[in-house]
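K.L.:
I have a structure here, written as structure tokens, and I will follow up with some questions on it.
The values are calculated or read from the model by the stated rules, or taken from the named source; none is laboratory data. Treat the numbers as computed from the prediction; the structure is a model and nothing was measured. Don't worry about glycine lacking a Cβ; one is built from the backbone with ideal geometry, like all the others, and counts go over all protein chains shown. What goes into the accessible areas is simple: the full protein's heavy atoms, side chains included, and nothing from ligands, DNA or RNA. Shrake-Rupley method; radii C 1.70, N 1.55, O 1.52, S 1.80 Å.
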Amino acid sequence: MVVRIGVLLVMLVAQVSADQAIIDAKARFHPLLAGSGMVVSQERLASEVGAAILAEGGNAIDAAVATGFALAVTLPRAGNIGGGGFMLVYLAEQRRTVAIDYREMAPRSARPDMFLDAQGNVDTQRARFGIDATAIPGTVAGLLHALERYGSMSREQVMAPAIALAANGIRVSADLSESLQARAQRLLADPASAGYFYRADGSAPAIGSQLYQPDLAATLQRISDRGRDEFYAGKTADLMVATIASHGGQLDHRDLASYRVVERQPVCGSYRGNTVCAMPPPSSGGVHLIQMLNILENWDLRSLGHNSAAYLHRLIESMRRAYADRSRYLGDPDFYQVPVLALTDKGYAARSAEQIPLDKAGDSAAVAPGLELQESFETTHYSTWDRSGNVVSNTYTLNFSYGNGKSVAGAGFLLNNEMDDFSAKRGAANGFGLLGEEANKIEPYKRPLSSMTPALVFAADGQPLLATGSPGGSTIITVVLQTLLNYLEFGMNIAEATAAPRIHHQWWPDKVFWEQGISADSRAILTAMGHQFELAPRVLGATMSVSRQQQWLQGAADYRRSEAAAAGAY
Ligand code: DON
């Protein structure tokens, strides 16, 4: 109990009052936020940029695009223009949700066996940190697509704050300084990254110092002036291709010019009368979120008790089944027919629930490589909500923290290593310990399978209730699942739902990863049933959520990231 109260006290919530347009989230501890809009992200300056756009009359999409470009400056390890992601947009007037897929695409030179060595084993160094780990970036196309279709402001308006942050410098937070320190070896190996992010002696910028990013400011300015074509066919494209070629990479101008954004139907399901919508393939997130909710709906979880052994057992077994299906059936739907309807079918879930033994752990039945949880996992999620009830739930990434560590010389931004999200070889685990087969093999212009799960929940009357999502690689789906269950099943507010300790299981390795706060009693009961527990070396995920309680919005930035903040617009 003491722990829970402590956690709630550090929960990052914001309150808006009449005399202040925007209030820093950490300043107050009122759980509810009244206001006409809200932005929650992993970095406070970026949240404030989004809230300022709302305060100026922009809609949730304008705020999301502004926040996305701002994070590319203030959170370089995951915010990006050199990566890709997914944006769910709820359009209040049309009562419709669109899923914008701006995931990276493999270049046309990509081949199924491109990361195999002479012995036929996956060369993980090349797949994760080599230049060919970089897939064609989608972020600029995706954010500008969202703005042009659904925003109300000009490109210049929404990009101006990011340009100013890059040009005028940002104060280096402990979070930024420490993460650069942690990744120094990889980033210093690249002269462009060394120049952009480190001091001349190779040390990370000190906490409280200023980080100026003039090349990035110039790149953002060119994109602001000329739009998407600047990135995919202009000077920025030239710089990108030159950098990639200098490392011996294949990705070229034709690849960049071939990039396309795809609007997809979100995958939606129901949970006890609420509608849940999330990202469809090429993310596995939506399909398995719905699949697990469908399985779990077969039991009265609330009466079992939150994080009781009986509840956790059902959670673990649902996860085990979903991740087994993920490895077989999920991939880019433009290349592989993903059985979305079958996997999200209530009947299939009911049969799965029936097969789950309630007295002993299930059996994952083979041996596989372990999760490599020591890798720093960095993706980032943010949510925006405006006064008209438009909502955006966005997750984007470079894949690993700082991508493959290589920056585009002269352009000031990092390249992704998203190619590692493909299955480089049947049965070989990727950087998140995930397995894959034919559905997710490498092919030219294919999108690597993702776990990113931007999600929206709607009440029975169709009105939006909650926007959430998380970083965390393979753990994203289970983190979002537990946040939704905490909120929908256990009646927690979004701050409590965020704070509650989490677990993760992904079929292989056959282990339950857990956060501090999962009780020793529950673990002892589950261990006796055959479950194997391993303390997660890092926290599991970091959700950035907004929820609505009647006319009040509550923003909850996850305390698992020190610079995360909710910012409200009055
Ligand atoms: O798309 C995916 O599933 C991964 N590239 C996400 C990577 C990630 O979440 C890393 N960090 N938290």
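K.L.:
Consider SER224 carefully, then state whether it is within 16 Å of the ligand (Cβ to nearest atom), surrounded by 18 or more Cβ atoms within 10 Å (Cβ to Cβ) and not basic (Lys, Arg). Reasoning before the result, please.
P.N.:
Numbers: within 16 Å of the ligand (Cβ to nearest atom): no; surrounded by 18 or more Cβ atoms within 10 Å (Cβ to Cβ): yes; not basic (Lys, Arg): yes.
Judged against the criteria, SER224 is not a match.
K.L.:
Take SER474 and tell me if it is within 15 Å of the ligand (Cβ to nearest atom), surrounded by 20 or more Cβ atoms within 10 Å (Cβ to Cβ) and part of a helix (DSSP H, G or I).
P.N.:
Details: within 15 Å of the ligand (Cβ to nearest atom): yes; surrounded by 20 or more Cβ atoms within 10 Å (Cβ to Cβ): yes; part of a helix (DSSP H, G or I): yes.
Yes, satisfied.
K.L.:
Filter the stretch 274-308 for residues that are part of a loop (DSSP other than H, G, I, E, B) and more than 16 Å from the ligand (Cβ to nearest atom); which is nearest to ALA455 (Cα to Cα)?
P.N.:
Taking the stretch 274-308 and keeping what is part of a loop (DSSP other than H, G, I, E, B), we get 279-282, 284, 297-300, 305-308.
Cutting the leftovers down to more than 16 Å from the ligand (Cβ to nearest atom) gives us 297-300, 305-308.
Details: GLU297: 18, ASN298: 22, TRP299: 23, ASP300: 23, GLY305: 24, HIS306: 22, ASN307: 22, SER308: 26 Å.
So the residue we want is GLU297.
K.L.:
If you go through the stretch 97-107 one residue at a time, do you hit one that is among the polar types (S, T, N, Q) and not in a strand (DSSP E or B)? If you could, list the steps in order and put the result at the bottom.
P.N.:
Within the stretch 97-107, the subset among the polar types (S, T, N, Q) is 97.
Those still in the list that are not in a strand (DSSP E or B) too: none.
Within the stretch 97-107 (the criterion being among the polar types (S, T, N, Q) and not in a strand (DSSP E or B)), the answer is no, since none of the residues qualifies.
K.L.:
Report, by residue number, each residue of the stretch 441-470 that is in a strand (DSSP E or B), within 16 Å of the ligand (Cβ to nearest atom) and farther than 30 Å from GLN250 by Cα.
P.N.:
ALA455, THR468
K.L.:
So PRO333 fits all but one of (1) touching a Pro at 6+ places or on another chain (Cβ under 8 Å); (2) at pLDDT 95 or above; (3) open to solvent by less than 10 Å² (accessible area, probe 1.4 Å); what number is the exception?
P.N.:
The failed condition is (3).
K.L.:
Just to be sure before I move on: is ARG426 without any contact (Cβ under 8 Å) to a residue 24 or more places away in the chain and more than 15 Å from the ligand (Cβ to nearest atom) in the structure I sent? Quick ask: steps written out before the conclusion?
P.N.:
On the way: without any contact (Cβ under 8 Å) to a residue 24 or more places away in the chain: yes; more than 15 Å from the ligand (Cβ to nearest atom): yes.
Yes.
K.L.:
Okay, moving on. Does SER109 satisfy being among the hydroxyl-bearing types (Ser, Thr, Tyr) and open to solvent by less than 10 Å² (accessible area, probe 1.4 Å)?
P.N.:
no
K.L.:
Only residues that are part of a loop (DSSP other than H, G, I, E, B) and of a type in the set (Asp, Glu): list them for the stretch 251-273, please. Walk me through how you get there before you give the answer.
P.N.:
The initial filter retains those residues of the stretch 251-273 that are part of a loop (DSSP other than H, G, I, E, B), namely 251-252, 258-261, 265-266, 272-273.
ASP252 - this is the single residue of the stretch 251-273 that is part of a loop (DSSP other than H, G, I, E, B) and of a type in the set (Asp, Glu).
K.L.:
Could you look through the stretch 112-131, keep only residues that are away from the ligand (no atom under 16 Å from the Cβ) and in a helix (DSSP H, G or I), and pick out the one that is surrounded by the fewest Cβ atoms within 10 Å (Cβ to Cβ)?
P.N.:
GLN125
K.L.:
I've got another one for you. Name the residues in the stretch 227-250 that are small (Gly, Ala, Ser), open to solvent by 10 Å² or more (accessible area, probe 1.4 Å) and outside any helix (DSSP H, G or I), would you? Before the answer, list the steps.
P.N.:
Of the residues in the stretch 227-250, the ones small (Gly, Ala, Ser) are 227, 233-234, 237, 242, 245-246, 248-249.
If we keep only those that are open to solvent by 10 Å² or more (accessible area, probe 1.4 Å) as well, we get 233-234, 242, 245-246, 248-249.
Within the stretch 227-250, GLY234, GLY248, GLY249 qualify.
K.L.:
In addition: Pull up the stretch 477-488, narrow it to residues that are under 16 Å from SER318 (Cβ atoms) and touching a strand residue (DSSP E or B) at 6+ places or on another chain (Cβ under 8 Å), then point me to the one that is farthest from the ligand (Cβ to nearest atom). Outline the logic, then answer.
P.N.:
The initial filter retains those residues of the stretch 477-488 that are under 16 Å from SER318 (Cβ atoms), namely 477-486, 488.
From what's left, touching a strand residue (DSSP E or B) at 6+ places or on another chain (Cβ under 8 Å): 478-480, 482-484, 488.
Details: THR478: 12, VAL479: 10, VAL480: 12, GLN482: 16, THR483: 15, LEU484: 18, LEU488: 24 Å.
Per the criteria, the residue is LEU488.
K.L.:
Further question: Taking the condition within 16 Å of the ligand (Cβ to nearest atom) and either under 30 Å from GLY431 (Cβ atoms) or among the hydroxyl-bearing types (Ser, Thr, Tyr) (or both), does ARG108 pass? If you could, list the steps in order and put the result at the bottom.
P.N.:
Numbers: within 16 Å of the ligand (Cβ to nearest atom): no; either under 30 Å from GLY431 (Cβ atoms) or among the hydroxyl-bearing types (Ser, Thr, Tyr) (or both): yes.
The answer is no for ARG108.
K.L.:
I'd like to check something: does the stretch 480-502 contain any residue that is acidic (Asp, Glu) and open to solvent by less than 10 Å² (accessible area, probe 1.4 Å)?
P.N.:
Step one: list which residues in the stretch 480-502 are acidic (Asp, Glu), which gives 489, 496.
From what is left, the residues that are open to solvent by less than 10 Å² (accessible area, probe 1.4 Å) are 489.
There is at least one residue in the stretch 480-502 that is acidic (Asp, Glu) and open to solvent by less than 10 Å² (accessible area, probe 1.4 Å).
K.L.:
Now for a different question. For the stretch 21-41, state whether one or more residues are surrounded by fewer than 24 Cβ atoms within 10 Å (Cβ to Cβ), closer than 27 Å to LEU414 by Cβ and modelled with pLDDT of 50 or more.
P.N.:
Among the residues of the stretch 21-41, not one is surrounded by fewer than 24 Cβ atoms within 10 Å (Cβ to Cβ), closer than 27 Å to LEU414 by Cβ and modelled with pLDDT of 50 or more, which makes the answer no.
K.L.:
So, in the stretch 532-552, of the ones that are over 18 Å from ASN486 (Cβ atoms) and more than 13 Å from the ligand (Cβ to nearest atom), which residue ends up most open to solvent (accessible area, probe 1.4 Å)? Give the steps one after another, and end with the answer.
P.N.:
Let us first name the residues in the stretch 532-552 that are over 18 Å from ASN486 (Cβ atoms), namely 532-535, 537-538, 550-552.
Retained after the next criterion (residues that are more than 13 Å from the ligand (Cβ to nearest atom)): 532-535, 537, 550-552.
Values: GLN532: 110, PHE533: 50, GLU534: 67, LEU535: 76, PRO537: 86, GLN550: 138, GLN551: 156, TRP552: 117 Å².
It comes out as GLN551.
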